[in-house]
Amino acid sequence: MARAPDALDRRIEAFALPLGALAVGLAVFALFLMMVGKSPAEFYGLVFKAGFGTAFSWENTLARAAPLLLAALCVAIPARLGLVVIGGEGAIVLGGVAAGAFGMHVTGLGSTLGILGMAVSAICVGGLWIGMVGALRYKRGVNETISSLLLAYIAIALMNHLVEGPLRDPASLNKPSTAPLEAAYRIGDIPGWDIHWGLVIGILACIFSFVLIERTTWGFSARIVGGNIRAAQIQGLPVGWLMAGFCALAGGFAGLAGMIEVSAVHGSANGSLAGGYGYTGILIAFLARHNMLAIIPVAVLLAGFEASSGLIQRRMDLPDATILVLQGIVFISILISETFTGRLNLSRLWRS
Amino acid sequence: MGEGDLGLWTVLLAMIGGAIRVSTPFIFVSLGECLTERSGRINLGLEGTLVFGAMSGYAVAYETSSAWAGVLAAALAGTVFGLFHGWVCKLPRVNDIAIGIALMLLGMGLAFFFGKPYIQPVAPDLPAIPLGFWSSSPQVEAALRVNVLFVLGIALAFFIAWLFRSTRIGLVIRVVGDSSDAARAMGISVDRVRLLATAAGGALAGIGGAYLSLYYPGSWNEGISSGQGLMAVALVIFARWNPVNCIWAALLFGAAGALGPALQSIGISKGYYLSYAAPYVLTLILLIATSSTTRAVRCAPGELSITK
């Protein structure tokens, strides 16, 4: 019999390694829970119940997945060019503020134009923010990981400044916000569901990115840059434009996530925008191995964990940081699993 | 002396005092990162180590009523984080930058998890040395109340500089950082040197965190760190991997961080939130100014993934 082709091995590996790493991560977290005297069975039971158990919990989970999909794209797209951009939070925050400012100053456009205007301003601001990271990397060799995270801190300071100052609605006393959006500027729910349209936008963005990266010449060029930057330069590819352009696209998606949060959830831009979606997005992108379609199920899974956070706090008397610990452990597990790439002979194992 | 003159002096004094107070964690974290990076590895997870150090230092100081026990606990916790980072990065195909990000998230998660019960209670503070005793002006005295850890940090910087320059240990770290092949040829275990350098770096970052919760701002809460652990990475690049330069860089960053509170102390509150961005903007500008695409950054350890 002929040897199993390597391509099959790699296919299986691409599924088996992350799934295995996820399982190991969840098991290690179960040990952690036992160490602090809590029951892992109860924990995972509650996660299932609150995240995926009923139609209501599915709706809650899927609504939370919307910003996570876009935040994960902000990590996964640059990663395909070999860039580790982790400051998506900054683009989310500024995208939200841009949308809020647009809604405040350009009124009476009607639903379609109004929402479109908010989306475009959020995409432009987010795209500029992360595009800058790519351009700085190419032009000046500035490390993109550090610069993007610094820009995230700057973005949050900028948001606080704008929301507390020039853009503040005097009526917002306890929580400084921009003025509430008019009803026509709010993104509504998908008919028959208790989920806003953000989910559909997020999924479409993932599919669009998948086609762009895997099926177009631009995406192919981007992957060459990620594989071997010298080779890309020798081939005469516009490396700088590719880096800045794909980073800008990634930032545009993150900005859009902020806009959706403002238009569909909060109704105005305020401090809740810095809710850590950017950081959960990092983990999702790495778990999905920067595959744009794999982001969809992974984001739903993590959204389910986040949706169950409240119930876990109440029922098990655990702090809200429990989910952060779980995410950190799974993240490390997934990174360690990289070391087994190409070392497992899974298809042979399968046959024997 | 005019009215405006006094205002300027107050701001300047407040900034000097603030620079000393704010810079201390920067000194420790950047020295730790410097040590790690000179061995050829980068630890982006020091932000998480810092936050966990702040929490564990505060918790232990509260439980034992001794601030120094807290500092020791924070250093130990940092060592554990450093050892873990060093061990994981030894595995083939594991990216030290990505592991750093993961450890940053895990460190913060664990700190918030275990730190919840310690947000209310009050732990003992670290002692300060009143270096401004000669002055009759209360502002000068306040500005020059220097914490013991600040003095220790400066001494440590000179010690590490001496270590790199004139000892065998320093030479081994430098060789490992510049060329792992050369180090292997000399019979040095590259992984072990990096493991120890990362562990020592983690310990220093932990102490930096303990300073945050035990002296300035002096209490434990979830917003205690504002990215000092991350800025330290940029600071080390700016300091050209020289421990003594780290002091100056840290003071500069400290002054930038003290700008907002200093302005507020004389009643200027316009742009208060914006002034929070000052240290990050400064870091970014310095990073842009010191990076280059055409040549490796001057003085950079040859094995460092961040400058390749």
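No value in this document is a laboratory result; all are computed from the given coordinates. The structure presented is a predicted model; accordingly, all values stated were derived computationally and were not measured. Heads up, the Cβs are rebuilt from the backbone with ideal geometry, glycines too, and the neighbour counts pull from every protein chain shown.
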(request) Obtain the nm distance between the two label points defined at residue B:221 and residue B:10 by a simple spin-label model: each point lies 7 Å from its Cα along the Cα-to-C-beta direction. (result) 2.5 nm
(request) Please report, to one decimal in angstroms, the Kirkwood hydrodynamic radius of chain B built from all distinct Cα-Cα pairs. (result) 19.8 Å
(message) Taking a cut-off of 26 Å, what percent of all Cα-Cα pairs in the range A:130-280 are separated by more than that?
(response) 42 percent
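Given 10 °C and 1.306 mPa s, compute D for the range A:1-153 with the Stokes-Einstein relation, Rh being the Kirkwood radius over Cα pairs; round to the nearest whole µm²/s.
81 µm²/s
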(request) Rank these for me by crowding, B:219, A:337, going from fewest to most other beta carbons within 10 Å. (result) B:219, A:337
(request) Considering only B:235, B:31, B:13, give the residue with the highest GNM mean-square fluctuation for chain B, with springs between Cα atoms whenever their separation is below 10 Å. (result) B:13
(request) Using only Cα atoms, find the angle between the long axis of helix B:46-64 and the longest principal axis of chain B, and express it within 0 to 90 degrees, rounded to the nearest 10. (result) 60 degrees
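Beyond 46 Å, what percent of the Cα pairs of the protein assembly as shown remain?
Details: 36351 of 217470 pairs.
Within the protein assembly as shown, distances greater than 46 Å cover 17 percent of Cα pairs.
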(request) At q = 0.12, 0.15 Å⁻¹, what is the base-10 log of I(q)/I(0) for chain A according to the Debye formula with one equal point scatterer per Cα and no solvent? Please give it to two decimals. (result) -0.92, -1.32
(request) Report the residue, chosen from A:63, A:244, A:184, that carries the largest GNM mean-square fluctuation when chain A is represented by alpha-carbon nodes joined by springs under 10 Å. (result) A:184
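Can you sort A:49, A:175, A:38 by how many other beta carbons sit within 10 Å, fewest first?
Numbers: A:49 14, A:175 11, A:38 17.
Ranked by crowding around the Cβ, least crowded first: A:175, A:49, A:38.
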(message) Give the separation of the Cα centroids, the range A:193-226 to the range B:182-256, in Å.
(response) 38 Å
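Kindly point out which whole DSSP H helices in chain A project their C-alpha atoms 20 angstrom or further along the helix axis while averaging a Kyte-Doolittle hydropathy of 0.0 or above. Walk me through the intermediate numbers first.
Details: long enough: A:6-35 (42 Å, 1.41); A:55-80 (36 Å, 0.99); A:88-105 (26 Å, 1.08); A:111-140 (42 Å, 1.11); A:144-164 (29 Å, 1.27); A:198-215 (25 Å, 2.12); A:239-260 (31 Å, 1.71); A:322-337 (23 Å, 2.43).
Those that clear 20 Å and a mean of 0.0 are A:6-35, A:55-80, A:88-105, A:111-140, A:144-164, A:198-215, A:239-260, A:322-337.
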(request) Taking 7 Å along the Cα-to-C-beta vector as the label spot, tell me the residue B:158-residue A:173 distance in nanometres, rounded to one decimal. (result) 5.7 nm
(message) Pick from B:205, B:155, B:14 the residue whose mean-square fluctuation is largest in a GNM of chain B, springs joining Cα atoms under 10 Å.
(response) B:155
(message) Assuming 0.36 nm per residue, please report the length gained on full extension of the stretch residue A:28 to residue A:48 beyond their Cα-Cα distance.
(response) 5.4 nm
(request) State, to one decimal in nm, how far the label point of residue A:229 lies from the label point of residue A:35, with both points 7 Å from Cα in the Cβ direction. (result) 3.8 nm
